[in-house]
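First the structure, in the form of structure tokens, and then the observations on it.
The values are calculated or read from the model by the stated rules, or taken from the named source; none is laboratory data. It should be emphasised that the depicted structure is a prediction, and the values quoted were computed from it without experimental measurement. Quick reminder, even Gly has a Cβ in these numbers, built from the backbone with ideal geometry, and neighbours come from all protein chains shown. Side chains are part of the model used for accessible areas, which takes the heavy atoms of the whole protein and leaves out ligands, DNA and RNA. Shrake-Rupley method; radii C 1.70, N 1.55, O 1.52, S 1.80 Å.
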Amino acid sequence: MDFIYSDGITSQMQQVTASLLVPFLRIMVFLCLAMSLMLFVERVYMGIVIVFIKLLRQKPEKKYKWEPIKDDLELANSSYPMVLVQIPMYNEREVYQLSIGGACNLSWPADRILIQVLDDSTDPVVKAMVEQECKRWARKGVNIKYEIRDNRKGYKAGALKEGMEHNYVKMCDFVAIFDADFQPEFDFLLRTVPFLVHNPEVGLVQARWKFVNSDECLLTRMQEMSLDYHFTVEQEVGSATHAFFGFNGTAGVWRISALNEAGGWKDRTTVEDMDLAVRAGLKGWKFVYVGELKVKNELPSTFKAYRYQQHRWSCGPANLFRKMAVEIASNKKVSMWKKFYLIYSFFFVRKIIAHIVTFIFYCVVMPATVLIPEVQVPIWGAVYIPSTITLLNAVGTPRSIHLLVFWILFENVMSLHRTKATFIGLFEVGRVNEWVVTEKLGDALKAKMSMKAPKKSRFRIEERYNKIHFLEVFVGLYLLFCGWYDYSFGKNRFYIYLFFQGMAFLVAGFGYIGVFVPNS
């Protein structure tokens, strides 16, 4: 009787698998392969464009009129436009001197530049330090304004918006923006403002980011690989083909009239910079990306800070797409080709599909096919497409090519966090408007690493649990189980990938990532 009962249960499970799980998994495989093809075509297209840009040496100085602003003996400094420099900050104890010092040392006539420090700090000690730093530069003859608010409404967007409302801003033609950890070189304005002066259709000039702490630890090296592709390929291609790309929120110069025509700063999403760029692009303004101009800044050195940043960068674009898709489609000022580029390429493929397919396909669906052998993933979808996409991404950071395997595992781990944030943005639920300022360490980083960590007198169980990310741990265990099953019973030979990827999820899930390593 026991054998009959056992056989009955087995038969029922086989029927459920055959009638429900197999068709469902086949549909998921088909959808994931379709999304992979979309991402593959997008990456290959951008790769081809960037090759032509490099071969033809298509620099922005050749495409747009650019010549240095010349001194005029009769007009004196009035030949230089009036430039406002905004530095938004919030409790930036470690880096406030770097950004303020960099802005105050910009090479530009002293009577034609105005530095505006927008301090939203809630720590009274930090506020006093920032104010004293502003006064110190003011005593040196720098035209610098220290502005505070009685609330943090709108966060960074709110601070920038209120900063633009001061009467003295009306005399300015352009506004340069630097986050608190950004350190522009002295010639930043001399190299960017001429694009705006000589090309009235240009509304924004964006510079590239240069990471001063990319070698601190493996976490920062992984970030550098992802961001270098964005700046080396995505921004270059957008600027060259459509005169449009997403404003990075810092290290850029806006034409104030373009900013105002687009509706100014809005705090409806956590990507106020992208929001402004899209609205300005729909008004017909052109953007110029100057990849050879680099501005120093800092990458998050802790996994906690990086997760907060990635939530904002993944949730915000998805939420903005939800809010603006119809507005983009119905716009009459830009061409149909540009609208297609914005909706399909810029938003749908890069900001939504890229996150979802990475997690759903490579961390859920492909491992599931090990457990249900009736469903197969073709080799071109399992190997060739992801390999090509990965190699194309590696072009951005050739010095880290030896870390490619680590980068793949790390990006797949982060895809869970990004996918979750993407769905939060699309459906506008939960933490959709969460804004946590990314922690910066500045010059304190070296001091922290040179100091010997004190021994803790007792182990605090609360601290360990605070570091555990249970979703990552669950996915890690799932992948390890699939790997064991494939090794023991399967024929797919995915188990090597599944074991490594499962361990990567567990390492991240238990918080063993983002550890400081001496830079020696």
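Quick grid of which residues meet (1) in a helix (DSSP H, G or I); (2) in contact with a Ser or Thr (Cβ under 8 Å, 6 or more places away or on another chain):
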position: 215; (1), (2): no, no
position: 219; (1), (2): yes, yes
position: 230; (1), (2): yes, no
position: 236; (1), (2): yes, no
position: 249; (1), (2): no, no
Tally up the residues in the stretch 143-164 that are among the aliphatic types (A, V, I, L, M), buried (at least 16 other Cβ atoms within 10 Å of the Cβ) and not in a helix (DSSP H, G or I), please.
2
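Is it the case that the stretch 241-248 has a residue that's open to solvent by 30 Å² or more (accessible area, probe 1.4 Å) and within 29 Å of residue 56 (Cβ to Cβ)?
Narrowing the stretch 241-248 to residues open to solvent by 30 Å² or more (accessible area, probe 1.4 Å): 241.
Next, only the ones that are within 29 Å of residue 56 (Cβ to Cβ) stay: 241.
Scanning the stretch 241-248 turns up at least one residue that is open to solvent by 30 Å² or more (accessible area, probe 1.4 Å) and within 29 Å of residue 56 (Cβ to Cβ).
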Kindly list the number of the only condition in (1) out of contact with any Gly (no Cβ under 7 Å at 6 or more places or on another chain); (2) open to solvent by less than 10 Å² (accessible area, probe 1.4 Å); (3) within 25 Å of residue 229 (Cα to Cα) that fails for residue 287.
(1)
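Within the bounds of the stretch 57-77, is there any residue that is under 26 Å from the mean Cα position of the chain (by Cα) and in a strand (DSSP E or B)? Break it down into steps so the answer makes sense when it comes.
Let us first name the residues in the stretch 57-77 that are under 26 Å from the mean Cα position of the chain (by Cα), namely 58-60.
From the residues that got through so far, the ones that are in a strand (DSSP E or B) too are none.
No; the residues of the stretch 57-77 include none that is under 26 Å from the mean Cα position of the chain (by Cα) and in a strand (DSSP E or B).
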Residue pairs qualifying under the 8 Å Cβ cut-off, at least six apart or on distinct chains, with the first in the stretch 170-187 being farther than 15 Å from residue 209 by Cα and without any contact (Cβ under 8 Å) to a residue 40 or more places away in the chain and the second being buried (at least 24 other Cβ atoms within 10 Å of the Cβ) and acidic (Asp, Glu), are none
Would you say residue 54 is in contact (Cβ under 8 Å) with a residue 24 or more places away in the chain, at negative phi and open to solvent by 80 Å² or more (accessible area, probe 1.4 Å)?
no
Of all the helices (runs of 4 or more DSSP H) wholly in the stretch 328-440, which have at least 2 residues that are among the polar types (S, T, N, Q) and out of contact with any Lys or Arg (no Cβ under 6 Å at 6 or more places or on another chain)?
385-394, 404-427
Can you pull out every residue in the stretch 184-208 that is closer than 24 Å to residue 229 by Cα and open to solvent by 50 Å² or more (accessible area, probe 1.4 Å)?
185, 191
Within the stretch 325-346, identify whether any single residue is touching a strand residue (DSSP E or B) at 6+ places or on another chain (Cβ under 9 Å) and acidic (Asp, Glu), and answer yes or no.
no
Just one of the numbered conditions (1) open to solvent by less than 60 Å² (accessible area, probe 1.4 Å); (2) outside any loop (DSSP other than H, G, I, E, B); (3) among the hydrophobic types (A, V, I, L, M, F, W, C); (4) modelled with pLDDT under 95 is not true of residue 20; which one?
(1)
Of the residues in the stretch 386-418, those that are open to solvent by less than 10 Å² (accessible area, probe 1.4 Å) and β-branched (Val, Ile, Thr) come to 397, 413
Could you run through the stretch 337-379 and say how many residues are aromatic (Phe, Trp, Tyr) and farther than 24 Å from residue 314 by Cβ?
1
What's the total number of residues in the stretch 259-277 that are buried (at least 24 other Cβ atoms within 10 Å of the Cβ) and either in contact with a His (Cβ under 9 Å, 6 or more places away or on another chain) or in a helix (DSSP H, G or I) (or both)?
6
Restricting attention to the stretch 165-204, which residues are assigned to a helix (DSSP H, G or I) and among the aromatic types (Phe, Trp, Tyr)?
168, 188, 195
Just one listed residue, out of 94, 131, is farther than 22 Å from residue 187 by Cα and at pLDDT below 95, and it is 94
